[in-house]
1. Being out of contact with any helix residue (DSSP H, G or I) (no Cβ under 8 Å at 6 or more places or on another chain) and of a type in the set (D, E, K, R), is that true of even one residue in region A:69-85?
2. Going through A:Phe61, A:Phe12 one at a time, which residue ends up being within 7 Å of chain B (Cβ to nearest Cβ) and either of a type outside the set (A, V, I, L, M) or in contact with a helix residue (DSSP H, G or I) (Cβ under 9 Å, 6 or more places away or on another chain) (or both)?
3. Evaluate region A:75-83: report whether one residue or more is farther than 27 Å from B:Ile57 by Cα and assigned to a helix (DSSP H, G or I).
4. Of all residues in region B:26-49, count the ones that are in a helix (DSSP H, G or I) and facing chain A (nearest Cβ under 8 Å).
5. If I ask for residues that are basic (Lys, Arg) and within 24 Å of B:Leu3 (Cα to Cα), which ones from region B:103-129 would you list?
6. Counting only residues that are farther than 21 Å from A:Gly18 by Cα and of a type in the set (S, T, N, Q), how many does region B:97-122 have?
7. Select from region B:10-25 the residues that are in contact (Cβ under 8 Å) with a residue 24 or more places away in the chain and assigned to a helix (DSSP H, G or I) and list them in ascending order.
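The values are calculated or read from the model by the stated rules, or taken from the named source; none is laboratory data. From a predicted model like this one, the values you see are computed outputs, not experimental measurements. Don't worry about glycine lacking a Cβ; one is built from the backbone with ideal geometry, like all the others, and counts go over all protein chains shown.
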Amino acid sequence: MIQLSHGLSLSFFLFLLGFICVVIRRNILFILIGIEIMLNAASLSLILAGSYLYQNDGQIFHLFIVTAAAAEISIGLALLIQVYRRYHTLDIDVLSEMKG
Amino acid sequence: MELIFYIFGVIAVISTFLVVFNTNPMHAILYLVISILSLSVIFFILGAIFSGVIEVIIYAGAIMVLFVFIIMMLNLGDKTERMEEYWLKSSLWVAPIVISLFFLIMITYIVSFFGNKFIRLNQYISIKQLGISLFGTYMSLFEVISLLLLSALVVTFYFGRKK
């Protein structure tokens, strides 16, 4: 028997680590890794809730999150390759041509 | 069983720390694989067997290998690593960490009101039940997610072409 609050605290902690990774890094690759960490933490909290309520909806939504993550990461990596071909760097700050 | 949950939670947190503050992309990916595997152990303990298997096969087996292939293709050398160290030293990251700590304290305070609600371990949900629910209640969502995968395929082909 695990306390529900411990599991949810673990999930929030991992989510905030992913958030820090997205905010402080300037490399596009590490930003994508941070998004992966955040998606993992969200699916952990879904599984915890599904296991607490003894329903199977948590696992089904974990499946959908994994599918969405796969689609998103494939598009993100294709964009990363295009950026690297054009600018020869992975710095996200070079993409400020529009001065928005 | 409870001890295993806490041990693998600590392992997941430590390896995610090493991912966030690492300068070598390949080492970061390998630590992320360790983090994902320990999360999968937690899923198995919680009784979500199908999700644990999916986590190992698709996350650690397919998405992370995609990352490794891209890093090997880009051929990032020592220059990138020195650049990363230079970027990490800047004091820009103090404010996000302070804000995140504030959020963490607030959320743990809210969650602590849950008190004595317990998750019972080893309550397995069979894959048959899962399949009935996936192709019954969530049928329309399943179709939408297949359309999402198809559109991701098309977009990746479009972005990946030579000019």
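1. The initial filter retains those residues of region A:69-85 that are out of contact with any helix residue (DSSP H, G or I) (no Cβ under 8 Å at 6 or more places or on another chain), namely A:85.
Next, from what is left, pick out any that are of a type in the set (D, E, K, R): A:85.
Yes, region A:69-85 contains at least one residue that is out of contact with any helix residue (DSSP H, G or I) (no Cβ under 8 Å at 6 or more places or on another chain) and of a type in the set (D, E, K, R).
2. Numbers: A:Phe61 fails: within 7 Å of chain B (Cβ to nearest Cβ).
A:Phe12 is the lone residue from the list that is within 7 Å of chain B (Cβ to nearest Cβ) and either of a type outside the set (A, V, I, L, M) or in contact with a helix residue (DSSP H, G or I) (Cβ under 9 Å, 6 or more places away or on another chain) (or both).
3. Looking only at region A:75-83, we keep the residues that are farther than 27 Å from B:Ile57 by Cα, and these are A:82-83.
Next, only the ones that are assigned to a helix (DSSP H, G or I) stay: A:82-83.
Scanning region A:75-83, I find at least one residue that is farther than 27 Å from B:Ile57 by Cα and assigned to a helix (DSSP H, G or I), so the answer is yes.
4. Going residue by residue through region B:26-49, those that are in a helix (DSSP H, G or I) are B:26-46, B:49.
Next, from what is left, pick out any that are facing chain A (nearest Cβ under 8 Å): B:28-29, B:32, B:35-36, B:39, B:42-43, B:46.
Residues flagged as in a helix (DSSP H, G or I) and facing chain A (nearest Cβ under 8 Å) within region B:26-49 amount to 9.
5. Taking region B:103-129 first, the residues basic (Lys, Arg) are B:117, B:120, B:128.
Hits for region B:103-129 are B:Lys117, B:Arg120.
6. Count: 3.
7. Step one: of region B:10-25, the residues in contact (Cβ under 8 Å) with a residue 24 or more places away in the chain are B:11-12, B:21, B:23-25.
Selection gives B:Ile11, B:Ala12, B:Pro25.
One line per residue, one yes/no per condition, for (1) among the small types (Gly, Ala, Ser); (2) free of Cβ contacts under 8 Å to residues at least 60 places away in the same chain; (3) surrounded by 14 or more Cβ atoms within 10 Å (Cβ to Cβ):
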{"residue": "B:Lys79", "(1), (2), (3)": "no, yes, no"}
{"residue": "B:Glu85", "(1), (2), (3)": "no, no, no"}
{"residue": "B:Ile105", "(1), (2), (3)": "no, yes, no"}
{"residue": "B:Ile110", "(1), (2), (3)": "no, yes, no"}
{"residue": "B:Gly115", "(1), (2), (3)": "yes, yes, no"}
{"residue": "B:Glu143", "(1), (2), (3)": "no, yes, no"}
{"residue": "B:Leu150", "(1), (2), (3)": "no, yes, no"}
{"residue": "B:Tyr158", "(1), (2), (3)": "no, yes, no"}
